[in-house]
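A.B. asks: Right, I'll just put the structure down here and ask away after.
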Amino acid sequence: MLPVAAPLVPLLPAGGLRRGTTVSVSGGPGTMSLLFALLAEASAEGAWAGVIGVPGLGAVAAAEAGVRLERLALVPRPGADLVAVAAALLDGLDLVVVAGAARAGVRAADRQRLEARARQRGAVLLALGAWPGADLSLGCSGSRWRGTDRGAGRLRSRCAVVRATGRGTGAAGRETALLLPGPAGAVEVEEATRFAVPVGLPEESTRSAARRPGGPDVGAREGVGATALPASEAAVS
């Protein structure tokens, strides 16, 4: 099991990234910040990661999010060799991010080969964009920046609802509101939503859970989240 940042733990069925699985992260605002959040804790614990097909990856934003750059391998433009490059990295790294599979014309048989390689090597395959057959799918919605509420100011954080669907998440999936990034650059729990709930849970049930011992106020006392100001995340999609 590869660890993830604490705010992501309730979204994942096993509380982390299970080795040998494939996880897809849908495109859109907040995607790169969510990717960095998935990589940060594992790289801090000594895991090696590779990112294929993301020429515009912001190294400064990745570092602010907690990704250890000394354990990050980049292949910005794999060209026609995307599948071969991904297979090679899965042989030696713990997490491999693949972007642009549809654009590169990756076939279903190629996807299955890479999924099988991840299972055999005990690695985690993270696909940016649609990946039919993924064990878990993550996506952001309702993204909005904070810091310019009065028409002027500095972008401090971005709030987005992150939803997880797939094996182990239940029929409706799971979702929670996160700051991607938070003011310090790393992922944080949005203050109004301190824990993940199944999609469609009645609002009254959510309020009741918040009043129970062990509800979201406990997370607040334990210091989930951080504060500070990143220099570069405004440029991250």
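A.B. asks: Give me a comma-separated list of calculated 3J(HN,Hα) values for region 94-101, in order, Karplus coefficients 6.51, -1.76, 1.60 applied at θ = phi - 60°, integers in Hz, x for any Gly or Pro.
C.D. replies: Computed from phi, the couplings for region 94-101 are 7, 10, 10, 9, 10, 10, x, 4 Hz.
A.B. asks: Using amide H atoms built in the peptide plane, which far-off residues or other-chain residues are under 5 Å from L74 H to H?
C.D. replies: It is V51, by chain and number.
A.B. asks: Here is a follow-up. Consider all pairwise Cα distances in region 6-128 and report the whole-number % of them above 18 Å.
C.D. replies: Summing the P(r) tail past 18 Å for region 6-128 gives 48 percent.
A.B. asks: How long are the semi-axes of the ellipsoid equivalent to region 1-76, from square roots of 5 times the Cα gyration tensor eigenvalues, in whole Å, largest first?
C.D. replies: For region 1-76, the semi-axes come out at 19, 14, 12 Å.
A.B. asks: Can you pull the one-decimal nm distance between simple spin-label points at R113 and V60, each 7 Å off the Cα toward Cβ?
C.D. replies: About 4.0 nm, to one decimal.
A.B. asks: Find the relative contact order for region 6-128 and round it to a whole percent, using C-alpha pairs within less than 8 Å whose residues are 6+ positions apart.
C.D. replies: Computed over region 6-128, the figure is 35 percent.
A.B. asks: By average Cβ neighbour count within 10 Å, what is the ranking of 132-144, 99-111, 46-58 from highest down?
C.D. replies: Listed from highest to lowest mean packing, they are 46-58, 132-144, 99-111.
Throughout, read-outs are computed from the coordinates displayed, never taken from laboratory work. Being a predicted model, the structure only gives us computed values, none of them experimental. We place every Cβ from the backbone using ideal geometry, glycine too, and count neighbours over all the protein chains shown.
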